[in-house]
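Shown next, in structure tokens, is the structure this report addresses.
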Amino acid sequence: MRAPVPALLHPGPTSGLQAGPPHLQPAGPICSQRRLPGPTLEPTALNCRLARVLSSLLAIVLLLVGSVSALAAPAGAALDDDRYDGNIFALYAGNGSLVPPRSNLAQAQLDGRVTVLVYYLDDSSASKRFAPVVSELQRLWGQTIELIPLVTDPLQDRPIEGPADPAGYWKGTIPQVVIFDGNGKLVFDASGQVNVDAINSVISDATGIAMAPRSGNSTTVSFNELNSEVVPSS
């Protein structure tokens, strides 16, 4: 049970003080005075109420932060099942910035950008395991390429709407990686747990940017029950 907040009392006749207006009465224990550098103001009943309001707001903020943290990793989330747990890149690669993609295939080709399409599903164990590779591509290439992860549900059971429609390049498998050079030519198409070094090699050729020394021998390593990252093999 919550302890009652001490009431603000006016000193009685026996206290030796004269009762005055409420805003001049001494504050209760909740507003104990402290000596601070510089000029200070005497605490008032208004200060007390403000302190209580701020304290309540802080408690609400902490509760919300705790709730968001709990939602970030759903109970029972696992790499080895085809259950929907949420955004696979946030959950299994620690990277929530990959979706939604910032552009689309048509715009990327219009801008002459090297484009990497990654077809996936959030409720696919194969896509979950591949999520760290997609995150690593973003880390390595950043703004140099257009990285477009695409959920395949909207691509199914509809007509293909021209050469810039990503549905026209999906083979019905996940994950699948498709790469176009800056001229819009398809230069890579592979499905499954595609090796990140193979993808990087094609991107390097398409962009003309050489890979870093000693790169090209990477592996995926788990650092907790859910999250993994791609690191160079020793």
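A compact table of results
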{"quantity": "Stretch gain in nm, segment ARG139-ALA164, where the contour uses 0.36 nm per residue and the Cα spacing is subtracted", "calculated": "6.4 nm"}
{"quantity": "Once the Cα gyration tensor of region 88-232 is diagonalised, semi-axes √(5λ) in Å", "calculated": "23, 20, 12"}
{"quantity": "Dipole in debye (nearest 20) - region 88-232, about Cα centre, beta carbon charges: Lys, Arg +1; Asp, Glu -1", "calculated": "240"}
{"quantity": "Local electrostatic count, SER124, Cβ distance below 14 Å [Lys/Arg +1, Asp/Glu -1]", "calculated": "-4"}
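Coordinate-derived values only; no laboratory data. What you see is a predicted model, and the numbers here were worked out from it, not measured in a lab. Note that each Cβ is placed from the backbone with ideal geometry, even for glycine, and that neighbours are counted across all protein chains shown.
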